[in-house]
Amino acid sequence: MECDLMETDILESLEDLGYKGPLLEDGALSQAVSAGASSPEFTKLCAWLVSELRVLCKLEENVQATNSPSEAEEFQLEVSGLLGEMNCPYLSLTSGDVTKRLLVQKNCLLLLTYLISELEAARMLCVNAPPKKAQEGGGSEVFQELKGICIALGMSKPPANITMFQFFSGIEKKLKETLAKVPPNHVGKPLLRKPMGPAHWEKIEAINQAVANEYEVRRKLLIKRLDVTVQSFGWSDRAKSQTEKLAKVYQPKRSVLSPKSTISVAHLLAARQDLSKILRTSSGSIREKTACAINKVTTIPLIFFKYIYFCL
């Protein structure tokens, strides 16, 4: 009876939210939640709700719909990471064996109810939130960056009628005064010394975006490999009893791994010439500080995790 009432509420809410999928048909939702994570249609509904949430909320985690029941465990791991980021209050969705939580009909209904309520709340906040006032400096992000520069240089708040040329001239003057007080070569010479025009900056932005996209694909691959490797730890009979402990340790660390690159053109401008020095990792001077007994017994799994560590 309770499940029937939950299904009715979910169907009504989905219609209000603009969902047009096949689960609105008679009996389709009941059949999908009965199979839970093993049902591709159920996972597609969850993925749709999460995608709508990500439009309104800054969520790092994402949920991908499955194509077959064999992908159920991977889907549940993604949901677990998402619920951890969202601080979900329902223990039945955040504790216990992570690979079995969404194989229970009531838990599946509870997950849909939670995601729907979060999406409804996010949309109401978006509608009711007062429009943000435009801040000086061309937007809040730029304004905060310029404010941080002024604070770091110890500059007073500029007058309201100052022009942008005067403002940046003041920053340049303050920088020269600050650099004059530090020892020679304290900052180092810039790596990029050639003057750039608008056409050059457009090309640099395009190159950075292409590299960031490539980096994101590689990072997603490494994170997925990490998920699969950690998941394989729980396959043994002995480890199955420790699944909950493993999830508690792993999920907080997993939730902070983002596939997005944080490198921007600003890092290019800040780069110094010392970054162009290439040192062989096998050179004698370097190996004196890095050689250790473990080098003699390095195994493939160890190499893999060292690679994960340094890349992430």
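The values are calculated or read from the model by the stated rules, or taken from the named source; none is laboratory data. Note that the structure is a prediction, hence the values are computed from the model and not measured. A quick note on method: Cβ atoms are made from the backbone with ideal geometry, for glycine too, and the neighbour counts reach across all protein chains shown. Surface areas here come from the heavy atoms of the whole protein model, side chains and all, with no ligands, DNA or RNA. Shrake-Rupley method; radii C 1.70, N 1.55, O 1.52, S 1.80 Å.
The amide H of ARG272, built 1.01 Å from its N in the peptide plane, has LEU191 as neighbours under 5 Å, considering only residues 5 or more places off or on other chains. What the phi angles of segment 65-77 give under the Karplus curve with 6.51, -1.76 and 1.60, with θ = phi - 60°, is a coupling list of 5, 9, 10, 7, x, 5, 9, 4, 5, 4, 4, 5, 5 Hz, glycine and proline written as x.
When LEU275, LEU119 are compared by accessible area at a 1.4 angstrom probe, the order from most to least is LEU275, LEU119.
Can you tell me the dipole magnitude for segment 141-181 around its Cα centre, using point charges on the Cβ only (Lys, Arg +1; Asp, Glu -1), in Debye to the nearest 20?
Value, rounded to 20: 200 debye.
Among the GluC sites (Glu not before Pro) found in segment 1-104, those both in a DSSP coil and sparsely packed, with 13 or fewer other Cβ atoms within 10 Å of their Cβ, are GLU25.
At R0 = 22 Å, how high is the FRET efficiency between GLU25 and CYS3 if r is their beta carbon distance? Nearest 0.05 is fine. E between GLU25 and CYS3, to the nearest 0.05, is 0.80. In a simple Cβ point-charge model (Lys, Arg +1; Asp, Glu -1; nothing else charged), segment 1-128 has a dipole of about 260 debye relative to its Cα centre.
Between PHE165 and VAL127, the distance separating the two model label sites (each 7 Å from Cα on the Cα→Cβ line) works out to 4.9 nm. With only the Cα atoms considered, segment 1-128 has a convex hull volume of 102 Å³ per residue.
The accessible-area ordering, largest first, of the residues LEU125, LEU153, LEU175 stands as LEU125, LEU175, LEU153, per a 1.4 angstrom probe.
Ordered from largest to smallest accessible area (heavy atoms of protein chains, 1.4 Å probe), the residues MET164, MET196 come out as MET164, MET196.
For segment 41-134, lysine pairs with C-alpha atoms less than 26 angstrom apart, excluding pairs fewer than eight positions apart on the same chain, total 5.
Multiplying the residue separation of GLU172 and LEU192 by 0.36 nm and removing their Cα-Cα distance gives an extension gain of 5.4 nm.
For segment 198-278, the share of accessible area belonging to carbon and sulfur comes to 63 percent (1.4 Å probe, ligands and nucleic acids excluded).
One quarter of the convex hull surface built on the alpha carbon atoms of segment 166-256 amounts to 11.3 nm², the projected area averaged over directions.
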